[in-house]
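Asks: Okay, handing you the structure first.
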Amino acid sequence: MPLLRVPLVAGAVLALLAVMAGAFGAHGLRHLVDARGLEVFQTAVTYQVYHALALVMVSMLVGFGCSHRLLLAAAGFFLAGIVMFSGSLYLLVLTGAHWLGPVTPLGGLCFMVGWILVVIAGIRRR
């Protein structure tokens, strides 16, 4: 499997999981957590969907002559961001583990670095 096919598959799987998490949040959590918990859970789902789609987009940008190396790095940061940002918010809502709070901004930072790498890949296009 070519290396940039991995972000395509990972993005599609993570988008599917985000849809499933969104349905769980809307229907399964409604009576288990307060309104703020549902809002936090929805934020995690939203950012997961955006960045799952970003992973799919990164795999397609190769066809536009963008740097494979930069796109692969961007994909890595998007994936790390999903795990740290969305994952920490999911766990915070589901377990109440507030010690995860500092992990969330690191995930947001990973998202930003990923987008910066996409910008650089676009500017340096062959």
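Asks: What trypsin sites (Lys or Arg not before Pro) in segment 26-124 are in a loop by DSSP, with at most 13 other Cβ atoms within 10 Å of the Cβ?
Replies: Hits after loop and neighbour filter: Arg30, Arg124.
Asks: Return the sequence-ordered ³J(HN,Hα) values of segment 28-41 in whole Hz as given by the Karplus equation 6.51 cos²θ - 1.76 cosθ + 1.60 applied to θ = phi - 60°, using x for Gly and Pro.
Replies: x, 9, 3, 9, 9, 10, 7, 4, 5, x, 5, 5, 5, 4
Asks: Rg over Rh of segment 1-42, using C-alpha atoms and the Kirkwood radius, what does it come to?
Replies: On the Cα set of segment 1-42, Rg over Rh gives 1.23.
Asks: Sticking with this one: Can you work out ³J(HN,Hα) from phi for every residue in segment 104-121, in order, using Karplus 6.51 cos²θ - 1.76 cosθ + 1.60 and θ = phi - 60°, giving whole Hz and x for Gly and Pro?
Replies: 4, x, 5, x, x, 5, 4, 4, 5, 4, x, 5, 4, 5, 5, 4, 4, 4
Asks: Hey, what angle do you get for helix 68-81 against the long axis of the chain, alpha-carbon based, 0 to 90 degrees rounded to 10?
Replies: 10
Asks: Now for a separate question. Report Rg/Rh for segment 65-122, rounded to two decimals, where Rg is the Cα radius of gyration and Rh the Kirkwood radius.
Replies: Across segment 65-122, the Cα-based Rg/Rh ratio is 1.14.
Asks: Taking only protein heavy atoms into account and a 1.4 Å probe, give the accessible area per residue of the chain in Å².
Replies: 56
Asks: Report the equivalent ellipsoid semi-axes for the chain in whole Å, largest first, defined as the square roots of five times the eigenvalues of the gyration tensor built from alpha carbon atoms.
Replies: One finds semi-axes of 30, 15, 10 Å for the chain.
Asks: Roughly to the nearest percent, how much of the accessible area of the chain is carbon and sulfur, given a 1.4 Å probe?
Replies: Exposed carbon and sulfur together represent 75 percent of the surface.
Asks: May I ask you to compute the full-extension gain from Phe24 to Arg36, defined as 0.36 nm times their residue separation minus their alpha-carbon distance, rounded to one decimal in nm?
Replies: Values: separation 12, 0.36 × 12 = 4.32 nm, distance 1.58 nm.
Difference between extended and current length: 2.7 nm.
The values are calculated or read from the model by the stated rules, or taken from the named source; none is laboratory data. Remember, predicted model here, so these are calculated numbers, not experimental data. Cβ atoms come from the backbone with ideal geometry, glycine included; neighbour counts cover every protein chain shown. Just the protein is used for accessible areas: all its heavy atoms, side chains included, with ligands, DNA and RNA removed. Shrake-Rupley method; radii C 1.70, N 1.55, O 1.52, S 1.80 Å.
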